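Working notes, beginning with the structure itself.
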Amino acid sequence: YDGYCFVVDMDSTIVARPSTGSSPPITESPCYAPMLTWLEGNGRVVIITSAGLRAIRQVWQHIPLQHRCNQQVFLSLNGGAVLFTSDPEGELLQDIGYRNYGMDKGTCISAAEADEVLQDLQAIYRTSFAKMLEEPALIQLLSSKYHKPLSHAMDQLKHSPDFIETLTSLTFLSSPGAIMSNTNETFLYAAHPLSFHPKRPGVQGYAAYCFDTSTVADISAMGIPNTLAPELLDSLQHTYRTNRQLAIDYAPNSAKVHRLGMTKATPIEWLSGVRPYTASAATPVVGPCLHASLDLSRCIAMGDNPSGNDAPLTWFQDQGMPYVSVASAVEEVIEELQPRHVGGLEHGTAALWQALMSQWTQVQACSTLAEGLDMVLTTLASQDAVH
């Protein structure tokens with residue numbers, strides 16, 4: 001499998017999506033065995049996930065050391081904002097060239113920009129809480145985990161209006177459990193990427209990794225009802241896009257601020273050379289540079305949410321990288337992608353991975369990898385291998 005690569009999402013694609021208090025490791029996934037076989041045959045894997053440190057605990061530390069040392073596995077965290085390979089000892093090593101030059105203003109948010117965003121969101125929360133106090137039914141528009149803690153916060157505001165200063169302070173909003181006492185989550189979270197060479201002598205496993213506080217991958221604001229998001233954030237969205245090259249993504253219960261144009265496609269563009277490398281000779285990059293190290297015609301992309309945050313993984317089909325959907329239902333997949341829908345989430349990924357390797361001689365005899373993939377998909381469909 002030398003020179004060939006799987007480009008995959010993580011949650012519900014190669015590991016089970018974590019439930020509250022549980023993040024199952026890849027060793028418990030049906031994908032673990034075929035992934036090891038693939039790596040033992042010198043295949044490569046690129047994992048692109050919105051997760052941060054959790055990806056180390058669930059996946060990275062379970063990959064055998066020899067495959068990490070050989071730089072067979074690339075890991076892109078925080079939705080594509082940072083990109084890692086490994087050093088000769090198999091420890092994570094960040095591609096600083098990507099972070100600095102993967103987009104016009106870099107792929108992350110500077111500390112100064114992040115401070116301004118946090119102050120903007122602090123003001124947004126002040127308005128949002130005032131509306132919830134006036135109209136408590138807005139709280140019910142959020143998922144159930146928010147109902148009790150926000151209702152309790154509104155009760156405190158009723159009895160003590162000055163509590164708004166505490167409730168909207170950055171310290172309170174960003175403290176685990178301060179509002180979300182039932183889940184110990186933070187309301188406002190600035191995700192710092194893992195540091196460039198994260199080693200702490202004497203500390204083993206994922207706990208050895210620390211964060212680079214000089215920059216921020218993205219900023220998440222929880223507890224914002226979807227119906228209020230346009231009213232609260234559209235004006236800020238316009239300012240960010242126009243003046244700061246930042247963007248705000250809305251979700252049913254939250255919003256996320258990130259570098260404008262940053263998607264799961266960005267690390268693929270960098271790795272394949274689609275995005276040019278524009279580093280100045282006056283600012284040399286220290287560490288690995290993974291630019292143009294992948295041939296898209298030898299890659300297969302897979303994800304469980306092709307109509308959502310995995311959609312950018314589908315953008316490279318004209319450049320030779322086919323996309324396979326493992327979404328739980330074909331109805332979740334846009335029509336043009338349905339011919340390569342397998343389903344089954346991580347079980348579908350495992351089935352396809354194993355089938356591709358078992359038919360590898362026939363796949364290589366095809367004119368393109370995409371043609372070989374379609375042959376394997378036809379076999380899987382005839383066997384009804386995934387449900």
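The values are calculated or read from the model by the stated rules, or taken from the named source; none is laboratory data. Please read all numbers here as calculations on a predicted model, not as lab measurements. Heads up, the Cβs are rebuilt from the backbone with ideal geometry, glycines too, and the neighbour counts pull from every protein chain shown. With ligands, DNA and RNA removed, areas are computed over all heavy atoms of the protein, side chains included. Shrake-Rupley method; radii C 1.70, N 1.55, O 1.52, S 1.80 Å.
Summing -39500 (n - 2.57) over the DSSP H runs of n ≥ 4 in the chain and dividing by its residue number, what mean residue ellipticity at 222 nm do you reach, to the nearest 500 deg cm²/dmol? Write out the running numbers ahead of the final one.
Working: 13 runs with 124 residues, N = 387.
Estimated from H runs of four or more residues: -9000 deg cm²/dmol.
Report the paramagnetic label zone for Thr239: residues of the range 112-156 whose backbone N is under 17 Å from a point 7 Å from Cα along the Cα-to-Cβ axis. In the range 112-156, the label zone of Thr239 (backbone N under 17 Å from the point 7 Å along Cα→Cβ) covers 112-128. Taking the 1.4 Å solvent-accessible surface of the chain as the whole, the part contributed by carbon and sulfur is 50%.
Placing a pseudo-label 7 Å from each Cα along the Cα-to-Cβ vector at Glu231 and Glu336 gives an inter-label distance of 3.7 nm.
Ordering Met103, Met302 from largest to smallest accessible area (1.4 angstrom probe), what's the sequence?
Working: Met103 20, Met302 0 Å².
From most accessible down to least: Met103, Met302.
With 0.36 nm allotted per residue and the present C-alpha distance subtracted, the Asn70-Lys158 stretch has 25.7 nm of extension available. Note on the range 117-164: dipole from Cβ charges, positive end direction compared against His159, Gln122, Ile139; the farthest Cα belongs to Ile139. When you filter the trypsin sites (Lys or Arg not before Pro) in the range 96-143 for DSSP loop state and at most 14 other Cβ atoms inside 10 Å of their Cβ, nothing is left.
Rounded to the nearest 10 square angstrom, Ser235 shows an accessible area of 90 square angstrom against a 1.4 Å probe.
Couplings 3J(HN,Hα) for the range 361-374, derived from phi with the Karplus relation 6.51 cos²θ - 1.76 cosθ + 1.60 (θ = phi - 60°), are 4, 5, 4, 5, 6, 6, 5, 9, 5, 4, 5, x, 4, 5 Hz, where x marks Gly and Pro.
Relative to the dominant Cα principal axis of the chain, helix 346-358 is inclined by about 20°. The distance separating the Cα centre of the range 61-140 from that of the range 290-319 comes to 20 Å. The count of lysine pairs in the chain with alpha-carbon distances below 22 Å, taking only pairs 8 or more places apart or on different chains, stands at 10. Between the helical axis of 229-239 and the longest alpha-carbon principal axis of the chain there is an angle of about 70 degrees.
Taking the Cα centre of the chain as origin and charging only Cβ (+1 Lys, Arg; -1 Asp, Glu), how large is the dipole, in debye to the nearest 20? Can you show the working numbers first?
Values: 22 positive and 38 negative charges, 140 e Å.
With only Lys, Arg, Asp and Glu charged at Cβ, the dipole is about 680 debye.
For labels at Ala33 and Leu141 in the simple 7 Å Cα→Cβ model, what's the distance in nm? Between Ala33 and Leu141, the simple spin-label model gives 4.9 nm.
Whole-Hz Karplus values for the range 169-176 come out as 6, 4, 5, 5, 4, 9, 8, x Hz, taken residue by residue from phi with 6.51 cos²θ - 1.76 cosθ + 1.60 and θ = phi - 60°; glycine and proline positions read x. Taking each residue as 0.36 nm, the span from Gln319 to Ser23 lengthens on full extension beyond its C-alpha to C-alpha distance by 103.1 nm. The modelled label-to-label distance for the pair Glu371/Ala111, using points 7 Å beyond Cα in the direction of Cβ, is 5.5 nm. Based on protein heavy atoms only, the chain ends up with 43 Å² per residue of surface accessible to a 1.4 Å probe. Take Met262: with every protein chain present and a 1.4 Å probe, its accessible area is about 20 Å².
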